[in-house]
1. Buried (at least 20 other Cβ atoms within 10 Å of the Cβ) and either within 16 Å of ligand 1 (Cβ to nearest atom) or not basic (Lys, Arg) (or both): does that describe PHE264?
2. Give region 57-86 a look and list any residue that's part of a loop (DSSP other than H, G, I, E, B) and either touching a Ser or Thr at 6+ places or on another chain (Cβ under 9 Å) or buried (at least 22 other Cβ atoms within 10 Å of the Cβ) (or both), or say none.
3. Among the candidates LYS439, LYS375, LYS405, single out the residue that is more than 27 Å from PHE26 (Cα to Cα) and surrounded by fewer than 18 Cβ atoms within 10 Å (Cβ to Cβ).
4. Go through the residues of region 237-246 one by one and say whether even a single one is within 11 Å of ligand 2 (Cβ to nearest atom), in a helix (DSSP H, G or I) and out of contact with any Phe, Trp or Tyr (no Cβ under 8 Å at 6 or more places or on another chain).
5. Out of curiosity, is ILE153 among the β-branched types (Val, Ile, Thr), within 27 Å of TYR364 (Cα to Cα), over 17 Å from the mean Cα position of the chain (by Cα) and at pLDDT 95 or above?
6. Please enumerate the residues belonging to region 292-307 that are under 21 Å from the mean Cα position of the chain (by Cα) and either away from ligand 2 (no atom under 15 Å from the Cβ) or surrounded by 22 or more Cβ atoms within 10 Å (Cβ to Cβ) (or both).
7. Quick one: which residue in LEU25, LEU62, LEU34 is more than 16 Å from ligand 2 (Cβ to nearest atom) and in contact with a Gly (Cβ under 8 Å, 6 or more places away or on another chain)?
Amino acid sequence: MKVKMILPALTEAISPHWRPIKYSLFPPLGLATLAAFFSEDDEVVIQDEHVETLDLDDEPDLVAIQVYITSAYRAYELADRYRQKGIYVVLGGLHVTSLPDEAAAHADTIFLGPGEDTWPKFIADWRSGHPEKIYKSRDRTLIGAPKIRRDLIKRHLYLVPNSIVVSRGCPHHCDFCYKESFFAGGKSFYTQAVDDALAEIEALPGRHLFFLDDHLFGNKTFAKALFEGMIGMGRVWQAAGTVYSVLQPDLLEKAVESGLRSLFVGFESLNPTNLRQQHKYHNLNRDYQAAIRRLHDMGVMINGSFVFGMDEDDENVFDSTVEWAVQQGIETATFHILTPYPDTALYRQMAAEGRITSDNWDLYDTRHVVYKPAKMSPEVLEAGYWRAYREFYRWNAIFQSVQTKTTWNDRLRHLIYAGGWKKFESIWDSIIRAEQVAKVRPLLESVLNGFGSLGVIPSAKRKQGLEDFSEKELDPKIVT
Ligand code: B12
Ligand code: SF4
């Protein structure tokens, strides 16, 4: 059977704010995960509209489309088009799970929740000619799942083809997060077996890895065993973690020893009342500065995540947040406008208060205001959000932030990393257009590693006396 799997591009793809580099980072891991359930005789193609033009003249037997909120309209358009040709179309993913009735109007079958349990059942039903209209995930496990079909990923089109998820979900329950809705009806946090995760990592070519797990550190026993297993593999990796996980004794040390060099940290708000209102309790009473110091002392760069527009935020929040982030020497920052995703506690609360102002899903991209903020106008919130990006990434601010680093090596790394992401968009665009993005990967690895592969010893090693085995292989002289 011929199967076409599609990750549609979000509507932003045709907007002036489109940043090709952002969408040439990660391949469609969810679809490659599902592709693994087909048999060898099946002809499976994955197309990611963010990085390639879709071939829509084909006539596969089955079309499977992944739907995020910001690509929902495009996904429906594609689904309708294939269905008009009489082709069986199935839709799944986060947005389908949030709004099944909306999605069902464009599909022969829809899927709610993660696909590892429902997808193989559907394939069997479909082959036997009796597929159901809706499949709801209940049995959550990654144990025994088949190997992801990474061979279907066009690696050369991505800067980070080695993205990986070794767990699903998160142990926390923040009001604005997608996860409560997506994992409803079953477990909402579970991991692979450590050995399976290590085998998957071992099989990935190159050095660089990016863990896309919501909370890689969420299960301490698992995380510790994973990091211990990775020591000696010569990897350089990035991931996301909470402030609390950074402050945990032991865990971060193991992570750094196994190659952690940059962490996305969800600070979200500097105001404890905001955090309490969003049930982000795990950030309350945490010493943000201590977490930052700890990461920097171990040579780990920080991508700080901040959300604007919670009910305690007024027009001062933008400048104070940026000023704080710059003073802390945070290397990169990701700002978001609070977005009440459908079927979250936040959405329900705002809908009950009559505060939702738009149901145009294209605007639910964390760059637009789709609700009535409590202490400022939507215009002030949107303008403040853009100002925060501009101010944080001004050369002046970057240089000021760089000054917080104590060694020239760390300063240079900070400068290149922060500047590289936001200051050279036109260079990125040309590289991506020429399909040469993979060639930049060694530079990314080198910068992350504190120019380790260029012969300079990363500060993680200086401070902790840690040994980087990959460097030992490259150049025995630089191992201390
Ligand atoms: C990597 C990532 C990105 C990457 C690339 C995404 C990609 N190539 O798929 C980039 C950086 C481009 C990105 C951008 C954005 N992202 Co993003 N991203 C993620 C992240 C961290 C991981 C996604 C992932 O690979 N997961 C692992 C795989 C295995 O899981 P999966 O894709 O969900 O697939 C499983 C199921 O969903 C299901 N499934 C999925 N599709 C289908 C289809 C069928 C037919 C079936 C049966 C099952 C099924 O089965 C799969 C296996 O279980 C998630 C957080 C998360 N944990 O999901 C946020 C997340 C998806 N992003 C989000 C957002 C908001 C955005 C942005 C709007 C942010 C912004 N301000 O720019 C943009 C726009 C995205 C878009 N294209 O529309 C939200 C989505 C909210 C929503 N309701 O849709 C999330 C959940 C983050 C969050 N916590 O809020 N993102
Ligand atoms: S910690 Fe992050 S992933 Fe976990 S529930 Fe909160 S926002 Fe979602």
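1. Details: buried (at least 20 other Cβ atoms within 10 Å of the Cβ): no; either within 16 Å of ligand 1 (Cβ to nearest atom) or not basic (Lys, Arg) (or both): yes.
Against the criterion (buried (at least 20 other Cβ atoms within 10 Å of the Cβ) and either within 16 Å of ligand 1 (Cβ to nearest atom) or not basic (Lys, Arg) (or both)), PHE264 does not qualify.
2. The initial filter retains those residues of region 57-86 that are part of a loop (DSSP other than H, G, I, E, B), namely 57-61, 67-68, 85-86.
If the condition is that a residue be part of a loop (DSSP other than H, G, I, E, B) and either touching a Ser or Thr at 6+ places or on another chain (Cβ under 9 Å) or buried (at least 22 other Cβ atoms within 10 Å of the Cβ) (or both), then VAL67 is the only one that fits.
3. Values: LYS439 fails: more than 27 Å from PHE26 (Cα to Cα); LYS405 fails: surrounded by fewer than 18 Cβ atoms within 10 Å (Cβ to Cβ).
The conditions single out LYS375.
4. First, the residues of region 237-246 that are within 11 Å of ligand 2 (Cβ to nearest atom): 240-245.
Now drop any that are not in a helix (DSSP H, G or I), which leaves 243-245.
From the residues that got through so far, the ones that are out of contact with any Phe, Trp or Tyr (no Cβ under 8 Å at 6 or more places or on another chain) too are 244.
Yes, that holds for at least one residue.
5. Numbers: among the β-branched types (Val, Ile, Thr): yes; within 27 Å of TYR364 (Cα to Cα): no; over 17 Å from the mean Cα position of the chain (by Cα): yes; at pLDDT 95 or above: yes.
Against the criterion (among the β-branched types (Val, Ile, Thr), within 27 Å of TYR364 (Cα to Cα), over 17 Å from the mean Cα position of the chain (by Cα) and at pLDDT 95 or above), ILE153 does not qualify.
6. Narrowing region 292-307 to residues under 21 Å from the mean Cα position of the chain (by Cα): 292, 295, 300-307.
Within region 292-307, ILE292, LEU295, VAL300, MET301, ILE302, GLY304, PHE306, VAL307 qualify.
7. Exactly one residue qualifies, and that residue is LEU34.
Residue-by-condition table, conditions (1) outside any loop (DSSP other than H, G, I, E, B); (2) buried (at least 17 other Cβ atoms within 10 Å of the Cβ); (3) among the β-branched types (Val, Ile, Thr):
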| position | (1), (2), (3) |
| --- | --- |
| LYS187 | no, no, no |
| TYR190 | yes, yes, no |
| ALA197 | yes, yes, no |
| PRO205 | no, no, no |
| LEU209 | yes, yes, no |
| GLY218 | no, yes, no |
| PHE222 | yes, yes, no |
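The values are calculated or read from the model by the stated rules, or taken from the named source; none is laboratory data. All of these numbers come straight from a predicted model, not from anything done at the bench. In this analysis, Cβ positions are derived from the backbone assuming ideal geometry, glycine residues included, and neighbour counts consider all displayed protein chains.
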